[in-house]
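Following: one structure in structure tokens, then a few remarks.
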Amino acid sequence: MASVTEIGGHWADPDENTVLVATGEIAVAEHPKVIVTPALGSCVGVTLWDAFARRGGMAHVMLPTPSETRLDGLVNRFASIAIPALVEEVTQGSTIRRLVAKIAGGSVMFGSENGAPSIGGRNIIEVKRQLALLRIPLVAEDTGGAHARTMELHLDTGLVVVRSYRYGIKDL
Amino acid sequence: MDPRHLTELQIDALGEVGSIGAGHAATALSQLLGASVEINVPDTRLLPVSEVPMVFGGPENLVGAVYSRLLGDLSGALLFVLPRADLLALADLLRSREPGSSKSLGVAEEGLVVHAAGVLQSAYLAAIARLTELAVLPGPPQFAFDMLGGILEFVTAEIGMKADSALLIVTRFLSTEIVVDGALFYLPDPDSLDVLLGRLGVV
């Protein structure tokens with residue numbers, strides 16, 4: 001009897017320069033690393049990049065704020081906690097004026113948006129609110145829709161590559 | 001209840017629920033297809049949310065998925081997942097065509113698979129409802145073809161798996177006529193776990 005994990009093999013092909021960010025986590029790295037998070041659905045990937053230091057970070061945000069749940073767990077799954085934490089880690093207390101942000105994800109995977117905003121929509125709103133509060137310019141985004149995305153941040157140029165089944169490869 | 005606080009006994013009891021549901025679903029699917037459908041013993045596991053997309057082929061694996069929210073006394077979701085090749089094979093079975101006839105995933109194939117998933121999900125739920133004497137109904141099934149990680153992530157966030165662990169009760173179905181290998185995920189809402197465990201007598 002095969003168990004579920006035996007079915008699939010592995011995903012992507014991470015090499016020694018790849019930093020993977022799992023759901024609800026954040027990561028910070030410098031050139032020549034590439035930070036990747038796979039298959040964002042309703043979650044939102046947030047990248048911050050410092051052109052001078054060629055350093056940056058990524059958060060894989062799952063929910064807007066801790067008020068969404070009374071259960072504890074990974075604190076960085078919330079936009080309102082992950083983004084300030086990511087800024088802190090990227091800048092390490094120095095100036096945040098050099099940072100620029102790019103975001104992707106926040107889709108509705110099944111059906112269409114009707115009535116109250118979905119989790120994906122609310123994630124996008126809260127991510128933008130947090131970036132605005134910290135005065136970090138949002139320079140590019142690929143959000144919404146009904147498809148999953150993989151997001152990569154290249155720390156040499158700040159290029160963000162978004163891959164999806166439906167729309168192929170986009171550069172942000 | 002926070003899924004992380006489940007005991008071994010409770011996880012076993014939930015696995016048993018999955019097992020009974022899966023048996024009924026396999027019978028229904030066999031009748032629908034006129035072909036024998038085997039199931040494996042369901043795999044009940046508690047996973048950190050960060051690892052959920054790693055199940056079943058990795059997050060970037062392209063799959064067809066039919067998602068139904070559950071209504072009634074137990075909330076949560078059922079998700080039926082098929083890799084693309086298996087989805088086309090299932091469509092061939094449902095149309096009584098030669099295996100390998102369906103080459104592309106069109107509206108017709110999608111409709112057939114959604115119907116089959118609906119039957120599977122209803123049979124599964126009927127078994128749970130009888131076992132627990134609770135009213136459980138499937139919501140309208142919805143289809144997506146995309147990366148598995150995005151689909152699982154959406155489902156776990158949307159139905160309220162807001163702890164950092166998710167309880168997945170996974171059943172694999174295998175048709176022996178031609179190979180169709182799919183998985184059904186039952187994701188009980190944390191709030192419904194108490195109700196379910198109470199009915200099973202393992203609070």
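Numerical summary
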quantity: Percent carbon-and-sulfur accessible area, the stretch A:25-108, ignoring ligands, DNA and RNA, probe 1.4 Å; calculated: 53
quantity: Within chain A: Cβ-based charge dipole about Cα centre, in debye rounded to nearest 20 (Lys, Arg +1; Asp, Glu -1); calculated: 580
quantity: Label zone at B:Ala35 (point 7 Å along Cα-to-Cβ), backbone N below 19 Å, the stretch B:97-116; calculated: B:97-106, B:108-116
quantity: In nm, spacing of pseudo-spin labels at B:Ala108 and B:Leu174 (7 Å Cα→C-beta vector); calculated: 3.1
quantity: Long-range lysine pairs (8 or more apart or interchain), the protein assembly as shown, Cα under 20 Å; calculated: 4
quantity: Part-to-part distance (alpha-carbon centres) for the stretch A:132-152 and the stretch B:56-90, which is given in Å; calculated: 27
quantity: Charge dipole of the protein assembly as shown about the Cα centre (unit charges at C-beta), most positive-ward option of A:Leu153, B:Ala108, B:Tyr186; calculated: A:Leu153
quantity: Hypothetical label at B:Thr7: residues of the stretch B:186-203 whose amide nitrogen lies under 13 Å (7 Å Cα-Cβ projection); calculated: B:198, B:201-203
quantity: Calculated FRET efficiency for the pair B:Phe143/A:Val75, C-beta based, R₀ 35 Å, to 0.05; calculated: 0.55
quantity: Fluctuation leader among A:Met58, A:Met109, A:Met151 - chain A, Gaussian network, Cα springs under 10 angstrom; calculated: A:Met109
quantity: Binned Cα-Cα distances of the protein assembly as shown, short to long, each 20 Å bin given as a whole percent; calculated: 30, 54, 16, 0
quantity: At most 15 other Cβ within 10 Å, DSSP loop - chymotrypsin sites (Phe, Trp or Tyr not before Pro), the stretch A:10-105; calculated: A:Phe52
quantity: Square roots of 5 times each gyration tensor eigenvalue, C-alpha, the stretch A:48-172, largest first, Å; calculated: 24, 20, 11
quantity: Other protein chain Cβ atoms within 10 Å, averaged over every residue that makes up B:136-148; calculated: 4
quantity: Distance between modelled label sites at A:Thr65 and B:Leu62, nm, 7 Å Cα→Cβ extension; calculated: 4.0
quantity: Lys, Arg +1 and Asp, Glu -1 on Cβ, resulting dipole of the protein assembly as shown about Cα centre, debye, nearest 20; calculated: 1000
quantity: Projected label distance in nm at A:Thr157 and B:Ala135, using a 7 Å step from Cα toward the beta-carbon; calculated: 6.0
quantity: Å² of accessible area per residue within the protein assembly as shown, as computed with a 1.4 Å probe and no ligands counted; calculated: 40
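The values are calculated or read from the model by the stated rules, or taken from the named source; none is laboratory data. What you see is a predicted model, and the numbers here were worked out from it, not measured in a lab. With ideal geometry, Cβ positions are generated from the backbone for all residues, glycine too; neighbour counts draw on all protein chains shown. SASA here: full protein model, heavy atoms, side chains in, ligands and nucleic acids out. Shrake-Rupley method; radii C 1.70, N 1.55, O 1.52, S 1.80 Å.
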